[in-house]
Amino acid sequence: MTRNHTRSAELAARAAGLTPGGVHSNVRLAGPRVFFERGEGAWLWDVDGNDYVDYLLGQGPNFLGHAPRAVNDAVAAAMRRGSVFGAQHALENDASELFLQAVGWADRVRFGVSGTESVQLALRLARAATGRRRFVRFAGHYHGWLDNVLVRTVDETTTPASAGQLDQFDQFHVLPYNDLAAVETLLAEHADDLAAILLEPVMCNSGVVPPRDGYLRGLRDLCDRHSVVLIFDEVITGFRIAPGGAADRYGVAPDLATYGKAMAGGWPVAAVAGRAELMDPIGTGEVNHSGTFNASVPACAAVAATLRQLRDDPPYDRLETHGGKLVDGLRELGTRHDVPLRAQGLPMAFHMSFGDPSPIHDLGQLDRLDLERYARFAHVLVDYGVWVAPRGIWYISAAHGEKELVAVLERVDAALAAGGGDR
Ligand SMILES: Cc1ncc(COP(=O)(O)O)c(C=O)c1O
């Protein structure tokens with residue numbers, strides 16, 4: 001099956017002369033150069049009129065589906081009164097209250113624009129509170145594209161991931177995820193200079209790897225014992241895997257957490273939340289956190305409308321059911337077509353690839369998978385009307401239902417039947 005992509009190809013050729021690589025985020029370099037016309041619910045339409053069932057969701061933000069009516073109406077109505085004032089407006093309080101109610105454990109929230117900057121604020125707050133400098137992070141976890149957090153780990157060796165990146169490796173220790181003993185050993189030796197432990201509570205940027213039983217609780221206890229700040233990077237998991245993210249789902253409260261993506265119905269909003277004693281130094285000016293577009297009118301309208309919808313019509317059980325059936329269906333297709341298609345995840349976010357079906361617990365074990373073969377398959381799926389990330393993560397939205405389930409399984413089936421899984 002070959003779809004017509006003429007118009008996309010023309011636009012891609014034009015874009016190539018305008019922006020490096022023809023894309024405005026390097027994450028998209030690995031993706032097909034499709035140009036989209038519009039999205040609605042769980043579906044996308046490209047500029048050539050092709051439809052796609054979407055399990056990429058803009059890398060996560062479209063948790064309510066594309067163009068969610070309640071959010072768009074709230075944003076449009078709010079924007080008629082302006083968008084940034086360099087001062088306060090009442091919607092900020094609505095958004096903050098709904099946010100803190102959903103998160104549950106946190107006393108304060110600060111809104112920003114991107115997950116990347118939220119991580120920086122959280123690290124700064126941890127350093128300010130402890131007077132210590134370094135932090136612990138984990139191999140395979142992504143915390144944004146800035147110099148002090150962007151790394152690549154291959155065969156247990158971690159290096160900067162970009163040319164031009166300042167080497168700030170003396171700021172952090174990189175440990176394997178899901179290995180509590182490794183953290184315990186490091187803290188026993190280095191806690192005196194450790195401000196924070198920073199992690200994706202579910203490693204979603206390399207596979208979708210849940211914490212082992214007791215791992216998050218163990219980190220909590222170690223942080224308490226050594227007066228180290230525990231930071232959950234919930235940019236993917238926040239509001240997605242439970243109303244209060246991983247903290248809620250696994251019953252372990254961090255000291256600070258960062259959010260983005262699912263919180264605002266597709267709008268660019270991020271946040272840091274935390275305990276009052278850690279957050280309040282921002283309010284005295286002791287810790288600086290600034291931003292022209294922080295808590296803009298459309299951002300707060302989007303957060304408030306999204307979180308109201310999640311509170312009043314929680315989609316979590318539906319997502320669990322849809323995800324369960326989808327993962328089962330995909331595995332079944334793998335068996336039927338005799339390809340080692342494997343899935344692992346929660347399943348509101350899960351990871352697809354080819355390889356050994358046994359569970360992955362850390363970055364090193366991802367070696368068992370054929371990630372390149374899966375990336376090729378994701379490109380093939382474009383021609384069958386399935387839009388997914390070449391890196392393997394699938395996101396489900398509240399707008400995905402039976403119709404999408406039937407469509408996606410039929411389309412993946414057709415792609416595999418045509419040899420799309422490179423048998
Ligand atoms: C866990 C995590 N933290 C931080 C970020 C950075 O967020 P942003 O892309 O909004 O800067 C991401 C982005 O994917 C992420 O997945």
Going residue by residue through segment 295-309, the Karplus relation 6.51 cos²θ - 1.76 cosθ + 1.60 with θ = phi - 60° gives ³J(HN,Hα) values, rounded to whole Hz and with x marking Gly or Pro, of 6, 5, 4, x, 4, 5, 4, 5, 4, 4, 5, 5, 6, 5, 5
So in the chain, what percent of DSSP beta bridges are antiparallel if you round to the nearest 5?
65
Find the Rg to Rh ratio for the chain, where Rh is the Kirkwood radius over alpha-carbon pairs and Rg uses the same atoms.
0.96
Just the number: Rg to Rh for segment 268-322, Cα atoms, Kirkwood Rh, two decimals.
1.12
What residue among His24, His400, His322 has the largest mean-square fluctuation in a Gaussian network model of the chain, using Cα springs under 10 Å?
His24
Among Val229, Val47, Val252, residue whose mean-square fluctuation peaks in a GNM of the chain (springs only between Cα atoms under 10 Å):
Val47
List every residue whose amide H lies under 5 Å from the amide H of His173, counting only residues 5 or more places away in sequence or on a different chain, with H placed 1.01 Å from N in the peptide plane.
Phe135, Val136, Arg137
Would you compute the Debye intensity of segment 69-312 from its alpha-carbon atoms alone, equal scatterers and no solvent, and pass along log10 I(q)/I(0) at q = 0.09, 0.10, 0.11 Å⁻¹ to two decimals?
-0.37, -0.46, -0.56
Alpha carbon centroid spacing (whole Å) that separates segment 199-233 from segment 377-423
32
Where is the GNM fluctuation largest for the chain (alpha-carbon springs, 10 angstrom cutoff): Asn93, Asn205, Asn26?
Asn26
Once each part is reduced to its C-alpha centroid, what is the distance from segment 107-186 to segment 37-105 in angstrom?
28
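Read-outs: derived from the displayed coordinates by stated rules, not from any lab. Just so we're clear, the structure is a prediction, and the values are computed from it rather than from any experiment.
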